[in-house]
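Below: one structure, written as structure tokens.
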Amino acid sequence: MAGNRTFTMIKPDAVSAGNIGNILAMINKAGFKILAMKLTKLSSENAGKFYAVHSSRPFYGELCDYMSSGPIVAAILEKENAIEDFRKLIGATDPINAAEGTIRKLYANSIAENAVHGSDSDENSQMEGSFFFSQFERF
Ligand code: UDP
Ligand code: MG
């Protein structure tokens, strides 16, 4: 299954702007199958754990505050070449640099409030999916 799964979150800015439906439609249209999905909210402690890899970066505190500021949608997605294809679909971290037609180009507010998360490796996708879902919640 290596390479066929990725993990995503629709972040608080996109949820509060009413863009869950638009973003899920783009994900489906791009050929991703949803294996698990929930509307949930991160505590600041859990946001800190999820983004522990960024703990030494200057934006870590703000990132944790923002990611715990409101509801998110967490999901595990399946498609051939999922990691790379999903990163292409969401676009660059900073929407200013995101390609036309990408989710971040369309829906991100800024480099911080950038609408969606996408895993950057098989290993992280596995860890991130397990952070939110038990084996009984996945198809
Ligand atoms: N981020 C930020 N400022 C930055 C870089 C990143 O606030 O200068 C936030 C942003 O929400 C980003 C997240 O931290 O999505 C994780 O950063 P990463 O470099 O992993 O970007 P991504 O993989 O999400 O494109
Ligand atoms: Mg990343």
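When ranked by the protection proxy of mean other Cβ atoms within 10 Å per residue, highest first, what sequence do the peptides 118-125, 50-57 form? Intermediate results must be reported in sequence, preceding the final value.
On the way: 118-125: 17.4, 50-57: 12.8.
The peptides rank, most packed first, as 118-125, 50-57.
Which GluC sites (Glu not before Pro) in region 34-92 pass both tests, a DSSP loop state and at most 16 other beta-carbon atoms within 10 Å? Could the numbers behind the result be given before it?
On the way: sites: E45, E62, E78, E80, E84; in loops: E80.
Answer by residue number: E80.
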Query raised in the report: If you find the alpha carbon centre of region 31-69 and of region 94-110, how far apart are they in angstrom?
Result: 19 Å
Query - Rounded if a/c under 1.5, otherwise prolate or oblate - region 1-135, Cα gyration tensor axes - result: rounded
Query raised in the report: Between F59, F86, F32, which gets the highest mean-square fluctuation from a Gaussian network model of the chain, Cα cutoff 10 Å?
Result: F59
**Report entry** Cα shape, region 58-100, gyration tensor, a/c 1.5 rule
**Finding:** oblate
Report task. Would you work out what percent of the accessible area of the chain, with all protein chains in place, is carbon or sulfur (probe 1.4 Å)? Result -> 52 percent
Query - Potential extension, F139-S56 segment - 0.36 nm per residue separation minus Cα distance - result: 26.4 nm
Report summary line: Expressed per residue, the solvent accessible area of the chain in Å² (1.4 Å probe) is about 53 Å²
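Which value, in debye to the nearest 20, describes the size of the charge dipole of the chain about its Cα centre when Lys and Arg Cβ atoms bear +1, Asp and Glu Cβ atoms bear -1, and nothing else is charged?
On the way: 14 positive and 16 negative charges, 64 e Å.
Around 300 debye, computed over the chain.
The values are calculated or read from the model by the stated rules, or taken from the named source; none is laboratory data. Bear in mind the structure is a predicted one, so any value in this text is a computation, not a measurement. Every residue, glycine among them, receives a Cβ derived from its backbone with ideal geometry; neighbour counts consider all protein chains shown. What goes into the accessible areas is simple: the full protein's heavy atoms, side chains included, and nothing from ligands, DNA or RNA. Shrake-Rupley method; radii C 1.70, N 1.55, O 1.52, S 1.80 Å.
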